[in-house]
Amino acid sequence: MDHLKNPLTANIRPGKPPFSLKEYEQAGGYQAVRKALHSLTPGEVTAMVKASNLRGRGGAGFPTGQKWSFIPMGADAIRPKYLVVNADEMEPAAFKDRMLLEGNPHQLIEGIIVAGYAIQADIAYIFLRREYTLPAKRLKTAIAEAYAGHYLGQNILESDFSLQLYLHESAGRYICGEETALLNSLEGRRAAPRAKPPFPPVVGLWGKPTTPNNVETISNVPHIVNHGAAWFKGLSHSPDGGTKIYGVSGRVKRPGAWELPMGTTLREILEEQAGGMREGFKLRGVIPGGGSTDFLMEEHLDLKMDFDGPKQGGSRLGTGTIVVLDDQTCPVGLVHNLMQFFARESCGWCTPCREGLSWTARILAAIESGQGQSEDFARLQKHTRLLGPGHTFCALAPGAMEPLQSALKYFEEDFNRHIREKRCPWR
Amino acid sequence: MATIYIDGRPYEIEEGQNLLQACLGLGFEVPYFCWHPALNSVGACRQCAVKRFKDEKDERGEIVMACMTPADEGTRISIDDPEAKEFRAAVIEWLMVNHPHDCPVCDEGGECHLQDMTVMTGHNYREYRFEKRTHRNQDLGPFINHEMNRCIQCYRCVRFYHNYAGGRDLNVFGCHDHVYFGRQQPGTLENEFSGNLVEICPTGVFTDKTEKRHFTRKWDLQTAPSVCMHCSLGCNTLPGERYGRLRRIRNRYHHEINGYFLCDRGRYGYEFVNCERRIREPLRRNGHTLQPVSWEMLRPQVAACLADSSRIVGIGSPRASLEANFALRTLVGPDRFCGGMSAGDDRLVTAALRILQQGPARLPSLNDVRRADAVLVLGEDVADTAPLLALALRQLIHRKAARVAQRVKLPRWNDAGIREVVQNEKEMLFIATPHSTRLDDAALKTWRAAPDDLIRLGFAVAAALNPQAPAVTNLPAEIGSLADEIARTLGGAERPLVVSGTGCGSEALLQAAANVAWALCAQGSPAQICFALPECNSMGTALMEAQSLKEVVDAVQSGRADTVIILENDLYRRADAAAVNALFEAAQHVIVIDHLTTATGDRAELILPAATFAEASGTVVNNEGRAQRFYRVFAPAGEVRESWRWMQKMMTAAGNTAAAGWQKLDDVVAALAEALPLFDPILLAAPPAEFRQMGSKIPRQSHRYSGRTAMLADISVHEPKPPEDVDSPLAFSMEGYDGQPPADLIQRFWAPGWNSVQALNKFQAEIGGPLRGGDPGRRLIEPALDAEITYFKKIPSARPADGEWILVAVHHIFGAEELSMATAGVAERAPRPYVALNADDAAELGTAAGEEVEVRWNSRRHRLPVRLMPSLPRRVAGMPVGLPGWPGLNLPAGARIFRGDDHD
Amino acid sequence: MLTTEEKKEIEAEFPHYEQKRAVCVEALKIVQRHRGWVSDEALLAVAEFLEMTPAELDAVATFYNLIFRKPVGKHVILVCDSVSCWIMGYERVLGHLKARLGIDLGETTGDGLFTLLPIVCLGACDQAPAMMIDEELYGNLNPAKIDEILASYS
């Protein structure tokens, strides 16, 4: 694997333990830390990341360099400042961060140090979901190695920059992946999200300036510093810089995750990487970016999977991990499964999400089991309209509505069959 | 001022508000749940959705939550937008998904905010057909009933209980659509403001358990504006009555005093009005028993007792109204009238009054307290003696919040955001008391010491502020530096405040507090000073230039008087039993006028049944010197009568014409103001009885009051004429002026479509601000702000290290006040007498918690069980005061303590 | 009462956070590691140690599904019921587990060996259907594999 073409995965050896510190250094690791600390100012690092068009890989796609520039800098800035890495990957069908955490924890750590330097953070946390036990083990080892190697702690590599890094494991709950809910969880509270404004760079952890960033996003940072913004942009097939870890699950020949140029088409990912549908199954549609994105259909397969492409089909890139709906799986059942997930994972803070998601899940259960009413379709549609962004306190419910609203659009007849025939035709 | 556009029209509003406040203030009907004027915005319920447009051309707009959106200059919204309306109705429908729809059996029905908002949004048909989630309820103690199925998860309860009131045992549990509000284990809610949950909760989850025992719908209650009688703060209340029983107390908003909240003693201490100890007809002693007798029968006996006016003395009461006290004073003459306070209280309240009157420190209202930015609490356990004052001190955090909000450019109403920035930072509050208080967690620093050392600290702070104030000699370095720190903090503040009170029992403590406040004034600071006083009309009686109890008792004991009239007072709470017994031995005639049987009543020859605050109108003066009118809620049955009317009857019977002209309360008030010009402002404290609104009286009963014929049909089907109220513009009727009465006469908070307490919004000129037309009451004391300062000079010496014990008073919110103890839930939470010791002292004495020790003080000796109170300093012991049969007078006092089986 | 070991482990977390309270979730997990679950008594002990009230701590504990406030068996099976596993055979996996163990979701086997709980997407979607037992992840499940896996636990 060419580390210049596949920087994120070049040093990942599937089925083998990740690089130790020594191995990582031998492969060129921690050069970005040296470069940043010894020859770049924090502002210069941020400028490089801005110029690279790196956009957040957690699903929102906010330009990373711009996000960092919201952190107050200078001697008067409130301290301590925090960098928080969101390793709470719990989006249904998302498994790309796991690959990076298990495969190359030092890459993430290096990215944390460089990003921390850019915003002059004092403390960094990796907020890791509890169920990721292998990543936890490997991260603990890697962090200890990094401290021992003087890449973390006081005066890193004898510079003025100090950074403490702590691994914080969660106790469950999908909502912890919402960046402000994550902050509340880190503070030892119930993980309800916070209202924005204020935004985390102004009022973050314990009211201090904080930048939350995704694992994949941060993992890109050392490479940008090493090889430059132009190189990073050049990797991509689209204005959005870099590569992307794409994944496919469902009834394809080769489910998995792969690092490809940002903007690779949906078709290429499905057919070339995942090998197309398994014998005996046909593609009905896909959810392109994890559980909270809209369905895309056969006619959309040539869309580029960058931040813009799926929008043209009415969907989003999200996490870039694709779920394939085959022709022998009931779409109503699939959407019911997703709604059950979202209803159960609602934090319970705001009314429409707390009550509305549960209600839609029950309607879908009724439809799936043959007890749907003719008005149920309209009830579901009303929910997709009302549980929109801004209507609820955070993006969980609007995200839940994305697969539902597109399923109602594309699989309307399937829903109606269930209601008419009073049974699930797939069972 | 800013201009915003609502449905196309421009409106001018005060800057800094959110859209919900602005719209409500303008009179627009926007539904909401989680926002509250005292709790600000969190944006949880999503009920207040409106449509906001970017500019005039924007036709689509976006839905925003009014409570979380700043009402900035140029903001354009639509309330009537069809999408916004649809969304608001949908929010109700979502809340109805799990709601049990049990209005017919729910206490909240008829004053339910959820009902009101449901009607307001127009939602009326439930499409949900699946199972509803249910919860198990908890027993939360004697005051609050719990019915969790009704919960709409607005989170107001925990935000009030924890953020506003500092309570830590109520919280939210669970997740998604199975969220639960309650305690970790069932049990009595610990916080003394828990009763406010009843009004804060927009549904029937938290309801008044005492009201449940004699439940009445809001629309069936007869209500009138009243004042709480259970401490000196004078919080405004709305008692409600039906069938001759007082059913409940609700908060009556007063911007300067209690605001939106009451304490549990005030809310639940009303059952004495209904209890079986009530005296409902005149009683005459016959041997060992008291027998009911009509006034007509008693008249000649009374006339005979009072025949020689020079031989009558009157003992008034700090828990009786000004008019009742003045009537007694008129009957016995100023020279033979005393205010009925204990010697200690008399001395202290008089001292406090003088300090307040003379100035130059300002005298704050509770609203001013909330806005102070640095406070020293010297010696007073305000959480127990003046609970709403403690609650006001908790809100100092808003001072910090205001500064913080500016820094991060957050609007003041963004509750969660501001709390996140402020974190656990404490506002500049110093508490120096003999033992720990429930307010300690809000304090920057606390200090525990014996009373003399607290006094010395106070003097030291004053000296540190101003060299003219006398210095304290032999002050240990650490106390000196604490004094310096307090001085620095108060000195650098914009609105510093000194709080003290009579609870500690020390005049020198009040003087030390005064010195601090005056030293601040000397450096140009607008310093404030306020004192917690013992009772609801301690200030009133102190202002009446009365004799002392001792003088009056001496008159009887020396034979100069032989008849004692005691007004609403149990003398065994005012002086040692021996002295009171001696008084009763010496007196020939003892006439008592009171509501309840007491130990004093047991010694009376005649008892006349006095009307309680709910059955009489009158005026009381709070610790701020604010004279406030409380109004009769209902006309009592039988011979119960206002105390002043009993005085008048007695005077008439005895041929004393001094009160002949008193037809109504206003006449008494006028006579009082004439006799004691200091009371002049009370003529304006309430409208005259002749006041009418649009020619009509103000009805005590709502326009939906039901059963007025049926309720008396067993007596007579001919509906009797309602009782007449000559004393006030209020009527015992449904008929009268139907709209908003003036602030002084607000008898309920109701407006069309607003049946719940939220109707209060309509009565305020600005949401969260004063009542329209100004809040009731008039201050009688205005300190002279440019007075010359004469510092107090008498500083007690340092306590010797191995000196005798000092016994200090411990006040219990449940237990220390006489009338509220008649409520079962209050009595069950009150302690029995004990002696509290520091753990080291207990160990040294060889005793442990629960064991008995003998305590000797003021020539008394008692065996008392030991309670461990770790916060007490060494050789300082605490004793509860005010308990039934245990008044705890003349503290602090030197004491000796012996282990149970030791004697000297 | 917390054991010395539990206290030590909790104290080790304090320096990592600006405020003590932030340790509370980890403290609950530490106690759970030692005791299997968090009883009321354990909750009170942790609350006291962290200077929180029981209500404040339980408010947090009951929010998170991986803090067990009810007793669990020696081994906790978390069977993923999210979309990819659902497509790839979750219902069959669940059915087999229920039959093999004789319990339903939320229950513990009579011998106290296994508790069966649902869990959200485990991030192992390319090995769907998947489950975890304690700290181990198992993917590409089928009835035979499940039997083998269960047999390896005692």
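In summary, helices (runs of 4 or more DSSP H) completely within region C:1-92 and bearing 3 or more residues that are within 11 Å of chain A (Cβ to nearest Cβ) occur at C:24-35, C:54-61, C:83-88.
State yes or no: is A:E375 surrounded by fewer than 17 Cβ atoms within 10 Å (Cβ to Cβ) and closer than 17 Å to A:I419 by Cβ? Answer is yes for this residue. For region B:494-611, the helices (runs of 4 or more DSSP H) that sit wholly inside it and include 3 or more residues that are touching a strand residue (DSSP E or B) at 6+ places or on another chain (Cβ under 9 Å), among the small types (G, A, S) and farther than 30 Å from B:R403 by Cβ are B:538-542.
Look at region B:644-656: where a residue is touching a residue at least 60 places away in the same chain (Cβ under 8 Å) and a partner is in a helix (DSSP H, G or I) and not small (G, A, S), sitting 6+ places away or on another chain with Cβ atoms under 6 Å, you get B:W644/B:E323; B:W644/B:V668; B:M647/B:L328; B:M647/B:L331; B:M650/B:V302; B:M651/B:L331; B:A653/B:R299; B:A653/B:V302. Test A:Q154 against the stated conditions and say whether it is surrounded by fewer than 23 Cβ atoms within 10 Å (Cβ to Cβ), within 12 Å of chain C (Cβ to nearest Cβ) and over 25 Å from C:A59 (Cα atoms). No, not satisfied. Within region B:445-478, restricting attention to residues that are modelled with pLDDT of 95 or more and among the β-branched types (V, I, T), which residue is surrounded by the most Cβ atoms within 10 Å (Cβ to Cβ)? Per the stated criteria, the residue is B:V461. Candidates B:A90, B:A66: the one that is within 38 Å of the chain's Cα centre (by Cα) and either at pLDDT 95 or above or not aromatic (F, W, Y) (or both) is B:A66.
You will find that of B:E420, B:E425, the residue that is within 13 Å of chain A (Cβ to nearest Cβ) and assigned to a loop (DSSP other than H, G, I, E, B) is B:E425 and no other.
Test B:F130 against the stated conditions and say whether it is open to solvent by less than 20 Å² (accessible area, probe 1.4 Å) and touching a helix residue (DSSP H, G or I) at 6+ places or on another chain (Cβ under 8 Å). No: the conditions fail for B:F130.
If you go through region B:848-889, how many residues are under 25 Å from B:R829 (Cα atoms) and in a loop (DSSP other than H, G, I, E, B)? The number of residues fulfilling the criteria is 15. Annotation: of all residues in region B:59-82 being buried (at least 18 other Cβ atoms within 10 Å of the Cβ) and either among the charged types (D, E, K, R) or at positive phi (or both), the one that is nearest to the other protein chains (Cβ to nearest Cβ) is B:D81. Taken over region C:107-154, residues that are exposed (fewer than 15 other Cβ atoms within 10 Å of the Cβ), touching a Gly at 6+ places or on another chain (Cβ under 8 Å) and part of a helix (DSSP H, G or I) amount to 0.
Condition check ((1) at pLDDT 95 or above; (2) surrounded by fewer than 16 Cβ atoms within 10 Å (Cβ to Cβ); (3) of a type outside the set (A, V, I, L, M)) across all residues:
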position: B:A743; (1), (2), (3): yes, no, no
position: B:G753; (1), (2), (3): yes, yes, yes
position: B:G773; (1), (2), (3): no, yes, yes
position: B:A809; (1), (2), (3): yes, no, no
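Checked against the criterion of being over 21 Å from A:N184 (Cβ atoms), within 14 Å of another protein chain (Cβ to nearest Cβ) and modelled with pLDDT of 95 or more, the candidates A:A115, A:A94 yield just one match: A:A94.
For region B:133-165, the set of residues classified as farther than 21 Å from A:T351 by Cβ, open to solvent by 20 Å² or more (accessible area, probe 1.4 Å) and in a loop (DSSP other than H, G, I, E, B) consists of B:R136, B:N137, B:Q138, B:D139, listed by residue number.
Would you check which residues across region A:24-75 are in contact (Cβ under 8 Å) with a residue 60 or more places away in the chain, assigned to a loop (DSSP other than H, G, I, E, B), hydrophobic (A, V, I, L, M, F, W, C) and in contact with a Phe, Trp or Tyr (Cβ under 9 Å, 6 or more places away or on another chain) and list them? Selection gives A:L40, A:L54, A:F70. Examine region A:235-252 for a residue that is open to solvent by 10 Å² or more (accessible area, probe 1.4 Å), away from every other protein chain (no Cβ under 14 Å), modelled with pLDDT of 95 or more and assigned to a strand (DSSP E or B), and state whether such a residue exists. Scanning region A:235-252, I find no residue that is open to solvent by 10 Å² or more (accessible area, probe 1.4 Å), away from every other protein chain (no Cβ under 14 Å), modelled with pLDDT of 95 or more and assigned to a strand (DSSP E or B), so the answer is no. Residues in region B:746-761 that are in contact (Cβ under 8 Å) with a residue 24 or more places away in the chain, within 23 Å of the chain's Cα centre (by Cα) and outside any loop (DSSP other than H, G, I, E, B): B:V757, B:Q758, B:L760, B:N761. The set of residues in region A:188-234 that are polar (S, T, N, Q) and within 14 Å of another protein chain (Cβ to nearest Cβ) comprises A:T210, A:N214. Within region B:351-403, the set of residues being of a type in the set (D, E) and crowded, with 24+ Cβ neighbours inside 10 Å comprises B:E380, B:D381, B:D384. Here B:L396 fits the description: more than 9 Å from every other protein chain (Cβ to nearest Cβ), under 24 Å from the mean Cα position of the chain (by Cα) and under 27 Å from B:R456 (Cα atoms). Checking every residue in region B:725-745 against the condition of being part of a loop (DSSP other than H, G, I, E, B), without any contact (Cβ under 8 Å) to a residue 12 or more places away in the chain and either on the phi > 0 side of the Ramachandran plot or not assigned by TED's automatic domain parsing to the domain that holds B:Q358 (or both) gives zero matches.
Of the set (1) closer than 20 Å to A:P92 by Cα; (2) of a type outside the set (D, E, K, R); (3) open to solvent by less than 10 Å² (accessible area, probe 1.4 Å); (4) out of contact with any Phe, Trp or Tyr (no Cβ under 8 Å at 6 or more places or on another chain), all apply to A:G177 but (3). Provide a single number: the residues in region B:693-702 that are assigned to a loop (DSSP other than H, G, I, E, B) and either over 29 Å from the mean Cα position of the chain (by Cα) or aliphatic (A, V, I, L, M) (or both). Total meeting the criteria: 2.
Scanning region A:304-328 for residues that are within 12 Å of chain C (Cβ to nearest Cβ) and under 15 Å from A:G291 (Cβ atoms) returns A:T319, A:T321, A:I322, A:V323, A:V324, A:L325. From the list B:R156, B:R150, the one residue that fits, being more than 12 Å from every other protein chain (Cβ to nearest Cβ), within 27 Å of the chain's Cα centre (by Cα) and either more than 24 Å from C:A42 (Cα to Cα) or without any contact (Cβ under 8 Å) to a residue 12 or more places away in the chain (or both), is B:R156. Of all the residues in region B:699-715, those that are under 15 Å from B:R748 (Cβ atoms) and open to solvent by less than 70 Å² (accessible area, probe 1.4 Å) number 5.
The values are calculated or read from the model by the stated rules, or taken from the named source; none is laboratory data. On a predicted model such as this, the values are computed, not experimentally measured, just so you know. Here the Cβ is made from the backbone with ideal geometry for all residues, glycine too, and neighbour counts use every protein chain on show. Side chains included, ligands, DNA and RNA excluded: accessible areas come from the protein's heavy atoms. Shrake-Rupley method; radii C 1.70, N 1.55, O 1.52, S 1.80 Å.
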